[in-house]
Amino acid sequence: MLTSGPILPDEERALLVQLQTGSGAAFTLLYQAYAERLYYNILALVKDELTAEELVQDIFSRIWQKRETIQIDTSFGAYLFAASRNRVYDFFRKLDRDHHLYATIKAAASYEYSYIEEALLNRENADILQKAIRSLPQQRRRAFELCKIEGCSYKEASEIMGISLSTLKDHMANAREAIRTYVSKHYEITTISVALFYLWDRK
């Protein structure tokens, strides 16, 4: 899977405009920038390499097919996160039809599987997390989206945002705490596992 470094916001917006006009080159650059991160994010959920690869290809294929009408109000990474969330949701819905695959993935996920399954089979919970993220101040939200949704390292995110690494880490610590507080304050305690699932610190 081809990869490239992170794309700066202005460059990304220009590529999205070119994508809408049918530019294969722009599509390739976006794919190279995000496909690997998307793959590993999905793999962490489905626990199967072939399935993760297929879902990534399906997501980008759909983007190309509807390139002329695609509407991206946030970053492309955030758009991909939402698309992958829905595709993984559909995947878990279909697991009931394949009991062997269900058993394989459940065994691979081990202890954490029950939390993954609970989160992905409930779109409402996913929406709760998105509301919590949108409640963050702009800079804090951008840091969180870059690191936890778009898959950037802390170093990459700090460079994109033009801030120091220590400031980026402060934003992330505050964002995690704010989201946990938002979820626990506004929703039943059972939804907290969803936030914790998405918020584990992999950096």
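Where a number appears in this text, it was derived from the coordinates with a stated rule and is not lab data. Note that the structure is predicted; figures quoted are calculated from it, not measured. We place every Cβ from the backbone using ideal geometry, glycine too, and count neighbours over all the protein chains shown.
Structure values in brief
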item: Net +/- balance of residues flanking Thr167 in space, Cβ distance below 13 Å, scoring K and R +1, D and E -1; result: +2
item: Burial ordering of Arg37, Arg85, fewest other beta-carbon atoms within 10 Å first; result: Arg37, Arg85
item: Long-range amide H partners of Ser135 with built H, under 5 Å; result: none
